[in-house]
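Each remark here refers to the structure printed beneath this line.
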Amino acid sequence: MDIHIDNNLCLGTILLPKKINAYLEIPSLPYECKFAGEHLYLGPVIGFIPAKHLYAKPEKLLMRFQQYEKIKGLIFIFLQEEINTNNLTIPGFYFNPDTKTFIKGTFPYPNAIFSRDYLKTATYQHLSEHIGNKIFNHPFSLDKRTFWKIMNRSPLLSQHIPQTAALTDYNILFEMINQFDSIYLKPFNLSRGRGILHIKKGENGSFLLTNEDSEMKKISNMEDLIVILEKQKNQRYLIQQDIPIKIKSQKVDFRVYFHKNHIGEWICSGIETKIAKRDSIISNYKNREKTLSGNEGFQALFHLPPQKIIDITQYINRLGIHSLQLIEENNYHLGEAAIDLIIDENLKVWLLEVQINFAAEKKLARKEGSEAILPDILTAPLFYAKWLADLPLNAPE
């Protein structure tokens, strides 16, 4: 491409032909530039793979672009099925900061990809060959059994995991019920509370079984309990110690959000307190009465002074970041995650699970307190994506 000097242009302005070739156009956007030898790079160019239902309604993604002026460049959404591996282009829709809309176009392979979907192995391998290790949130799930195994490799983190075992035979189950009086059965690979059972030891060898819908059933003896569990043969379970912590008979746990920032370092971006409905064994959205901030939850549960809240928060951050770093050592590349945990009456932190595919845009429709954290958790990934794209970056406010 020939270069011509035009003294009539404003300082720092470059004019480029809109159409580069038969396939590609360069949208008119504010770009940053970087020289490497004799090459001039414009960007960042960031690809974003949302869930399919959000790709069809991109206006629901607008909050993710609230800090676009700090990111700049070409950010486009696309579906993995639409990638053209022959001419190395991707059709999709780019964000126009002037109109706050998404405009159809065909784009080059990006410098970094922020994924919120399950990438096929072949797609991931193909993209990695062309852009390197710059695709984050892959793999897009971490089942409970894998999480448990990874955490147990750390002397520190293993002390913060409730006693857990795979349900391989019923002797293990009854040993744990006798040891703890109440336990959870958690499916390996389901989320949002699906399939969870709670078993509490009763009098005279009986048990109280509660399912995810808070339906309770009294079971007379071990043999009858085994008959019921045998009907769940298609499901693989973990047995986990119950750590009861409640406000007025309502189960309470915490969700802590972590993101990598504009220099690729993990930070805590917010804490929620999830208060379940009365008698519910889980605190997912369907079974939740309300959501408070982390500080509000610490006060309601423990009535702590401000400095103690700071101390607990800092320790949670340390545990969370350590756990995410350990997960990434096991062939994960993450840019965000949500960690569910419990704090017991002795202020000990117990890690329950890591959610990569956590509810994000879904919170926009919720009016129970959880939407307050959205501006922080929705905008953060694009800052990490820009850092991965290896261009100058302004820190978020």
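The values are calculated or read from the model by the stated rules, or taken from the named source; none is laboratory data. Remember, predicted model here, so these are calculated numbers, not experimental data. For neighbour counting, all protein chains shown are included, and Cβ atoms are generated from backbone atoms with ideal geometry for every residue, glycine included.
Here are some notes:
- Extreme residue, nearest to the chain's Cα centre (by Cα), among residues of region 328-346 that are charged (D, E, K, R) and farther than 18 Å from residue 294 by Cβ: 328
- Residue pairs meeting the criteria (Cβ under 7 Å; at least 6 apart or on separate chains; first in the same structural domain as residue 66 (by TED's automatic domain parsing) and under 14 Å from residue 48 (Cβ atoms), in region 95-114; second small (Gly, Ala, Ser) and outside any strand (DSSP E or B)): 111/389; 112/385; 112/389; 114/335; 114/385
- Within region 64-88, the residues that satisfy the criterion of being at pLDDT 95 or above and aliphatic (A, V, I, L, M) are 71, 74, 75, 77, 79, 83.
- Scanning region 329-343 for residues that are among the acidic types (Asp, Glu) and either surrounded by 14 or more Cβ atoms within 10 Å (Cβ to Cβ) or touching a Lys or Arg at 6+ places or on another chain (Cβ under 8 Å) (or both) yields 336, 340.
- Against the criterion of being under 24 Å from the mean Cα position of the chain (by Cα) and hydrophobic (A, V, I, L, M, F, W, C), residue 54 qualifies.
- All positions within region 98-126 that are surrounded by 15 or more Cβ atoms within 10 Å (Cβ to Cβ) and over 22 Å from residue 56 (Cβ atoms): 108, 109, 111, 112, 124, 126
- Residue 133 being in contact (Cβ under 8 Å) with a residue 24 or more places away in the chain and either surrounded by fewer than 14 Cβ atoms within 10 Å (Cβ to Cβ) or small (Gly, Ala, Ser) (or both): yes
- Some residue of region 267-282 being in a loop (DSSP other than H, G, I, E, B), among the aliphatic types (A, V, I, L, M) and over 30 Å from residue 384 (Cβ atoms): yes
- Residue 286 vs. criteria without any contact (Cβ under 8 Å) to a residue 40 or more places away in the chain, in the same structural domain as residue 348 (by TED's automatic domain parsing) and part of a helix (DSSP H, G or I): no
Residue-by-condition table, conditions (1) out of contact with any Cys (no Cβ under 8 Å at 6 or more places or on another chain); (2) modelled with pLDDT of 95 or more; (3) in the same structural domain as residue 119 (by TED's automatic domain parsing); (4) not hydroxyl-bearing (Ser, Thr, Tyr):
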{"site": "299", "(1), (2), (3), (4)": "yes, no, no, yes"}
{"site": "313", "(1), (2), (3), (4)": "no, yes, no, no"}
{"site": "327", "(1), (2), (3), (4)": "yes, yes, no, yes"}
{"site": "340", "(1), (2), (3), (4)": "yes, yes, no, yes"}
{"site": "372", "(1), (2), (3), (4)": "yes, no, no, yes"}
{"site": "377", "(1), (2), (3), (4)": "yes, no, no, yes"}
{"site": "386", "(1), (2), (3), (4)": "yes, yes, no, yes"}
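- Region 259-301, subset surrounded by fewer than 17 Cβ atoms within 10 Å (Cβ to Cβ) and closer than 21 Å to residue 380 by Cβ, residue farthest from the chain's Cα centre (by Cα): 295
- Positions within region 39-87 being among the basic types (Lys, Arg) and out of contact with any helix residue (DSSP H, G or I) (no Cβ under 7 Å at 6 or more places or on another chain), in sequence order: 52, 57, 70, 72
- The selection criterion, being of a type outside the set (Ser, Thr, Tyr) and assigned to a loop (DSSP other than H, G, I, E, B), does not hold for residue 240.
- The residue that is farthest from the chain's Cα centre (by Cα), counting only those in region 201-234 that are buried (at least 17 other Cβ atoms within 10 Å of the Cβ) and either touching a residue at least 40 places away in the same chain (Cβ under 8 Å) or in a loop (DSSP other than H, G, I, E, B) (or both), is 229.
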